[in-house]
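Here is the structure we will look at, set down as structure tokens.
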Amino acid sequence: MRTLTEQDAVVRLDEHIRAAVEQLSPAPRLEPGLAGSMPCDDPDDGGPPGRVFVEAHHWLRDVPARRNRQIFDTLHDFWVAEGYEVLSDLRDRPEAPHLKVRHRADGFSVSLRENLERDLKVSGSSPCVWPDGDPPDDADAVRPVRG
Amino acid sequence: MAAVGDEVTYTEQGRTYRVRGLQAKGQSISGGSHELDGLITTRLTAAKTALEQWRGPHAGTFVEDVNSVLSKMASQKVALWRAGNIVSQFPDKPTGSWGSVRYQDEIYMSARVDLLLDPGVTSAVTSQLRAYVTTSSGQDERFSTLAGVVNLDGVTADVTYNRPLTATERQQALDAGEHPADLDVTMVPQTDTIDPGTLITLPTPNADVPALTEGSRILNEFTLAVAVAFETGDQGMLDRLAKDPDALRLRLDWVREDPRRWNQLSETERLFLIQVLPNEVGAMDGLPIVVRDQANRIVLQRSREALQSRADFLRTQDLRPRPTPMPHPGETAPLSPADELAQIEEKLRGIDALERRLAGVPGRPPAFLVGFSADGTGRAIVAVGNPDYADNVVTYVPGTGSRLGKINGDIERADRMVGDANALAPSSSTSVITWLGYDAPQSLGQATSGRYADGGAGLLRHFQDGLDISHIGGPATETVVGHSYGTTVIGHAARDGHLNADNLILVASPGVGVDNVSGLHMDASHVYATVAANDPIQYTPPFLLGTKPTNPGFGAQVFESAPGSPSVHAHSEYWDDGNVARDNMAAIITGRRDLVTEPRPHPTPGPAPTPPR
């Protein structure tokens, strides 16, 4: 099945993250963290080999910690309104709260996390995509399943 | 002399030589031969000078052997120099004939010596010279397996000259009425084919060669050690080598008994051991990670060259698909050249990815090569961040299908685990080691057997013990994470001995070889397990590998993972950023078990999202 290309996925993921950050006022400064792609097939998961996840992290800087809860709530309401499915909502946890959502249409997930020092980080990942968008010719071959 | 295209014709002493394909070959060798020449001269001088100082009790026969080989090598150097000269300058200056380079064995030896002496410096040379290890025939038995070969395939040559009549020809001419006096001066043209394949033999590629004999091994190491000792001016090492050619290996054996002794070695001794015995140093659990890293990078480089040579050779073979012959009982079927080439190419891609990560990636911690072998399906132990200095040390054991050619994905997981842990707890540091230090099953059929786990269990225990020895500062919090069959390896390691770890994390386990957590000899509250609701691994029958650690009766701490896609793909989604399993693993790794979340009921999995178009 044809998918976004890896590069398209990088762009789309960035759009998801930017859309979230734009809800915040005053706007935090984004500091890039880990980014890259990773094979999303496992040799024994039975899926066709060769696809990748794209992932990106950004720290939200220049945000006073007292605003953290408000940011969690703002993004929760934004994501729900935009049709994201809530995967995990631990906003109420006193330490290391997090909120994870996934876009119902395109399968991208986005997370907001607070670490033990109360820094906020927004991150996301794409669903599995073929690097060039097109599966190789033999990708639909059925592989046995188990691990 | 005339050159037309890549065919060269020249006449010397009444003989006309016609050589094809040499220009191309000569050009590729020319750069290397001069560098090699200088290198060998230096090394030989060093070794010979050191030998003259040798006064120890073991000198005797061995010194004679070494002396004879060294003088042989000296003349071989000349032969190689001449060969290189002839080949590289052939189109312009035919200073010699092919006959003058018929020192096959000597050329082999020189190339081999080069390979042994300085693989780093001479990698370019060896790749040009195509030096292989091969068996040679009829040499001194002691060195019978010690030979490199300069591969001149692609070069063809013949020689035309006039010769007197043979007895038969003369008789035929007399019978035909020729005058005997005329026949005395009659010459007839003769053309002989010179096959560079016999002149400089096409190699038996090194993968097929049995291990070097003990004698040649000692000689190789000795020669190199002497050369290094001389160059670094280490008189102490020279004295020790003079007493016993195996001094270096004995020194390493002494370290092996207690790896902490590494720090008692002199700086030169450490350098020696890394340079001369990189395989042994690289594989020694308990040595400092940076030391193993240095040694294994040498091993990696050598392996890459050997694989590249083998691939080049295979590409000259018939690569058409052919039916696999039936193996003899008890043996595996030999690979076809095409299949072997595909495997090597995959390994080389894995090595490429590994080298890129080892070279450093902006924004990610440095990576260290803690173990490496290209044998079989390949092994690699790669640390993201230096575990010797980390507060939290994680060993990640990958599962079915893991091999050198696929190591990239596993290291990416390690990068994410490090990133997650350091993001959650910035005040502590975390290192994650991808431990592909065992032969993983490569098929689902193989993964139904506990044999591979048994093979890895002892190695994993030994590795974990080594981490404690080399760690600097107070003890680290050690976690061993397994995925899929990797959990089975961990289970067998803990079941059959003491696995040195504070926490176990068993992700998507098909079974860990015991039916209850008590069989793992660990504090049950520190044995964690998870499986996605949609992961088919949970349907593995328990009679194969034991009870799954996520079963309620097993007694492990089961933690939450996202349910995953309702497809087989859920088996590998644990390292997706959207998966809460990643947050839970980061909490365990950093010692914040209070933040670990328990599984939530997932009544019905939702529909899979439509892949984006």
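Structural remarks
- The residue list B:537, B:589 contains one member that is in contact with a helix residue (DSSP H, G or I) (Cβ under 8 Å, 6 or more places away or on another chain), crowded, with 24+ Cβ neighbours inside 10 Å, under 30 Å from residue B:469 (Cα atoms) and of a type outside the set (Asp, Glu), which is B:589.
- Answer residue from segment B:419-452, given it is in a loop (DSSP other than H, G, I, E, B) and hydrophobic (A, V, I, L, M, F, W, C) and is farthest from the other protein chains (Cβ to nearest Cβ) among those: B:440
- Any chance residue A:83 is within 8 Å of another protein chain (Cβ to nearest Cβ) and either over 21 Å from residue B:419 (Cα atoms) or exposed (fewer than 15 other Cβ atoms within 10 Å of the Cβ) (or both): no
- Complete set of residues in segment A:114-124 that are in contact (Cβ under 8 Å) with a residue 12 or more places away in the chain and within 7 Å of chain B (Cβ to nearest Cβ): A:115, A:116, A:121, A:123, A:124
- Test for residue B:472: is it more than 14 Å from chain A (Cβ to nearest Cβ), more than 26 Å from the chain's Cα centre (by Cα), surrounded by fewer than 24 Cβ atoms within 10 Å (Cβ to Cβ) and hydrophobic (A, V, I, L, M, F, W, C): yes
- Members of segment A:50-69 that are within 14 Å of another protein chain (Cβ to nearest Cβ), in contact with a Lys or Arg (Cβ under 8 Å, 6 or more places away or on another chain) and surrounded by 13 or more Cβ atoms within 10 Å (Cβ to Cβ): A:55, A:57, A:58, A:59, A:60
- Every test in (1) closer than 20 Å to residue B:368 by Cα; (2) touching a strand residue (DSSP E or B) at 6+ places or on another chain (Cβ under 9 Å); (3) part of a helix (DSSP H, G or I) is passed by residue B:462 save one, and that test is (2).
- Test: residue in segment A:1-23 that is in contact (Cβ under 8 Å) with a residue 40 or more places away in the chain, within 9 Å of chain B (Cβ to nearest Cβ) and part of a strand (DSSP E or B): no
- Verdict on residue B:482 being under 28 Å from residue B:591 (Cβ atoms), within 13 Å of another protein chain (Cβ to nearest Cβ) and of a type outside the set (Phe, Trp, Tyr): yes
- Residue B:398 falls short of the stated requirement of being away from every other protein chain (no Cβ under 14 Å) and closer than 14 Å to residue B:480 by Cα.
- The strands (runs of 3 or more DSSP E) found wholly in segment B:469-561 and carrying at least 1 residues that are of a type in the set (D, E, K, R) occupy B:477-483.
- Once segment A:86-113 is narrowed to residues that are more than 7 Å from chain B (Cβ to nearest Cβ) and over 15 Å from the mean Cα position of the chain (by Cα), the residue that is farthest from residue B:573 (Cα to Cα) is A:94.
- Residue B:605 vs. criteria at pLDDT below 80 and part of a loop (DSSP other than H, G, I, E, B): yes
- Residue satisfying all of: in segment A:36-59; among the hydrophobic types (A, V, I, L, M, F, W, C) and under 19 Å from residue A:106 (Cβ atoms); modelled with the lowest pLDDT among these: A:40
- Residue A:32 being under 17 Å from the mean Cα position of the chain (by Cα), surrounded by fewer than 19 Cβ atoms within 10 Å (Cβ to Cβ) and within 14 Å of chain B (Cβ to nearest Cβ): yes
- Within segment B:267-290, the set of residues being part of a helix (DSSP H, G or I), of a type in the set (A, V, I, L, M) and closer than 12 Å to residue B:370 by Cβ comprises B:281, B:283, B:289, B:290.
- Check on residue B:523, more than 34 Å from the chain's Cα centre (by Cα), within 19 Å of residue B:416 (Cβ to Cβ) and of a type in the set (D, E, K, R): no
The values are calculated or read from the model by the stated rules, or taken from the named source; none is laboratory data. Computed from a predicted structure; not experimentally measured. Note that each Cβ is placed from the backbone with ideal geometry, even for glycine, and that neighbours are counted across all protein chains shown.
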